[in-house]
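What follows is a short report on a single structure.
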Amino acid sequence: MTSTIDSKRLPRTDLPPDVRRDTLAVREGLPATAWGENSEALFLTSSFVHPDAATAAARFANEEEAFVYSRFSNPTVMMMERRLAALEGTTGCIATSSGMSAILITIMSLLKAGDHVVCSQGVFGSTIKLFQDFAKFGIQTSFVSQTDPAEWQAAMLPNTKLLFAETPNNPLTEVCDIAALAEIAHAGGALLLVDNCFCSPALQQPVKFGADLVMHSGTKFLDGQGRVVAGALCGPAELIDAKFVPTMRSAGMTLSPFNAWVVLKGMETLSIRLQAQSARALEIARWLEAQPAVDRVYYPGLESHPQHALAMKQQSGLGGAVVSFVVKGERAGAWAVSDATRICSVTSNLGDTKTTITHPSTTSHGRLSEAHRQAAGITQGMLRLAVGLEDVEDLKADLARGLAGLGA
Ligand SMILES: *Cc1c(COP(=O)(O)O)cnc(C)c1O
């Protein structure tokens, strides 16, 4: 998808060539329709009409880029794809029905029986499950340390095709060294994919550090207000056109235009939300560190975070909106703090303007064995806060209520 000159290609928004990312976040997409709408149109249509049979044939044969059927592409979905690609700094993007289906389309498009994947053991639980499920189709995955690139190097095999990282991760906020992993991947002839959910391109653009592909759950910060489930995969346009688009056509893990529209509008405020939510999260993390009932705080923006320097380099100097902390009193203590909140939502979603509080060991990480959780450092006293946009003093007071009861 390149210039506006080629009449066989769909036109782009008419913007000066050197506009910056904040402008692209608001403006990139497709030109307005003949009606001149200022807010992007929502195209709820399953198919598109052709002027004549010959044009229909050319479009079905891919000789002319056009909208044909919304399982393949749709103007609202394409606007979202172009905007997200612009923010991630990639030439291509394909939207999917969820974050998980972005991983599914990656596996189906790039891998075959006999291939091998190296993945951090600290990634999202369903990601681990999905890679494990593909063992029955002959794709093996080795799970390695989130933080030690030497383990990734040691796991490389001649048939390794994909390295999969997520940084920072949930709930421990451990950081992967993207540049180091990209080097290992490329030396072994493999691609590096980074799940960029927690930072979003507002804070972190993995391709700047050498990643080849970037995956999103649009459900999180891209929507930003907890409304829709959505996903996307960003990368080189040639690779997406050659490998991913055919999979989308046949397998149909398509994003609905309505959900794409919600995410598209969410991206307009992404940068200012992430900055404001990161600032609140840092203030709460510092405050939590000073609370006697809190044993430990995990937040990349704190100097006490073991990978603070790396996180600041990769994340535009900001820690993001997710803070985890361990309170005194094990599970009872954590539940007491959670139950005493009157503002925070007790839910495991994140990336919302509403602050959410989660007890990982009995919810998001409840399916792991206690031994596995202990080894990973996800203890019964841990809580995860995904900080939203409420007044930070109100959030502190909301947590202080439960913390006060823990003695210390
Ligand atoms: C939520 C999430 C996913 C999965 O996204 P869905 O939109 O729920 O399918 C993948 N990775 C991370 C890091 C997530 O937080």
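Quick check: anything in the stretch 82-99 out of contact with any helix residue (DSSP H, G or I) (no Cβ under 8 Å at 6 or more places or on another chain) and either at pLDDT below 95 or charged (D, E, K, R) (or both)?
yes
Run S126 past the list (1) among the hydroxyl-bearing types (S, T, Y); (2) touching a helix residue (DSSP H, G or I) at 6+ places or on another chain (Cβ under 6 Å); (3) away from the ligand (no atom under 16 Å from the Cβ) and report the number of the one that doesn't hold.
Of the numbered conditions (1) among the hydroxyl-bearing types (S, T, Y); (2) touching a helix residue (DSSP H, G or I) at 6+ places or on another chain (Cβ under 6 Å); (3) away from the ligand (no atom under 16 Å from the Cβ), the odd one out for S126 is (3).
Taking the stretch 155-196, which residues are assigned to a helix (DSSP H, G or I) and either farther than 22 Å from H372 by Cα or charged (D, E, K, R) (or both)? Can you show your working first?
Of all residues in the stretch 155-196, those assigned to a helix (DSSP H, G or I) come to 155, 178-187.
Result: I178, A179, A180, L181, A182, E183, I184, A185, H186, A187.
Being touching a Cys at 6+ places or on another chain (Cβ under 6 Å) and under 30 Å from L24 (Cα atoms) is true for just one of G320, G301. Which residue is that? Reasoning before the result, please.
On the way: G301 fails: touching a Cys at 6+ places or on another chain (Cβ under 6 Å).
Sole residue among the options that is touching a Cys at 6+ places or on another chain (Cβ under 6 Å) and under 30 Å from L24 (Cα atoms): G320.
Kindly evaluate T356 against the criterion of being within 19 Å of F124 (Cβ to Cβ), of a type in the set (V, I, T) and at pLDDT 95 or above.
On the way: within 19 Å of F124 (Cβ to Cβ): yes; of a type in the set (V, I, T): yes; at pLDDT 95 or above: yes.
Against the criterion (within 19 Å of F124 (Cβ to Cβ), of a type in the set (V, I, T) and at pLDDT 95 or above), T356 qualifies.
Just to be sure, is I128 of a type in the set (A, V, I, L, M), farther than 18 Å from G210 by Cα and outside any strand (DSSP E or B)? Explain how you work it out, then say what you get.
Details: of a type in the set (A, V, I, L, M): yes; farther than 18 Å from G210 by Cα: yes; outside any strand (DSSP E or B): yes.
In short, yes.
List the pairs whose first member sits in the stretch 260-279 and is without any contact (Cβ under 8 Å) to a residue 60 or more places away in the chain, whose second member is among the basic types (K, R), and whose Cβ atoms are under 9 Å apart, counting only residues at least 6 apart or on separate chains?
Close Cβ pairs satisfying both conditions: V262/R227; G266/R227; G266/R273.
So which of H365, H372 is buried (at least 20 other Cβ atoms within 10 Å of the Cβ) and assigned by TED's automatic domain parsing to the domain that holds A293?
Working: H372 fails: buried (at least 20 other Cβ atoms within 10 Å of the Cβ).
Going through H365, H372 in turn, the sole match is H365.
Restricting attention to helices (runs of 4 or more DSSP H) lying wholly within the stretch 202-319, give those where 3 or more residues are within 23 Å of L44 (Cα to Cα), within 15 Å of the ligand (Cβ to nearest atom) and assigned by TED's automatic domain parsing to the domain that holds T356. Give the steps one after another, and end with the answer.
Working: elements: 245-251, 257-267, 270-289, 308-314.
Passing ranges: none, list empty.
Within the stretch 112-124, can one find any residue that is in the same structural domain as K243 (by TED's automatic domain parsing), under 17 Å from K243 (Cβ atoms) and of a type in the set (V, I, T)?
Checking the stretch 112-124: at least one residue is in the same structural domain as K243 (by TED's automatic domain parsing), under 17 Å from K243 (Cβ atoms) and of a type in the set (V, I, T).
Can you work out which of the residues in the stretch 158-201 that are under 23 Å from I139 (Cα atoms) and among the polar types (S, T, N, Q) is surrounded by the most Cβ atoms within 10 Å (Cβ to Cβ)? Spell out the reasoning first.
Of all residues in the stretch 158-201, those under 23 Å from I139 (Cα atoms) come to 158-166, 181-195.
From what's left, among the polar types (S, T, N, Q): 159-160.
Numbers: N159: 14, T160: 21.
Here the residue is T160.
Could you tell me whether the stretch 149-161 includes any residue that is within 16 Å of the ligand (Cβ to nearest atom) and at negative phi? Even if it seems obvious, please write down each step before you answer.
Keep residues of the stretch 149-161 that are within 16 Å of the ligand (Cβ to nearest atom), which gives none.
The answer is no; no qualifying residue exists.
When residues of the stretch 95-119 are filtered for being touching a Leu at 6+ places or on another chain (Cβ under 9 Å) and within 14 Å of the ligand (Cβ to nearest atom), how many remain? Step through it out loud before you land on a result.
So in the stretch 95-119, the residues touching a Leu at 6+ places or on another chain (Cβ under 9 Å) come out as 95-98, 100-107, 109-111, 115-119.
Cutting the leftovers down to within 14 Å of the ligand (Cβ to nearest atom) gives us 95-98, 100-107, 119.
Here the count works out to 13.
The values are calculated or read from the model by the stated rules, or taken from the named source; none is laboratory data. Here the structure is a predicted model, which means the values were calculated and not measured. All Cβ positions, glycine included, derive from the backbone under ideal geometry; neighbour counts span all protein chains shown.
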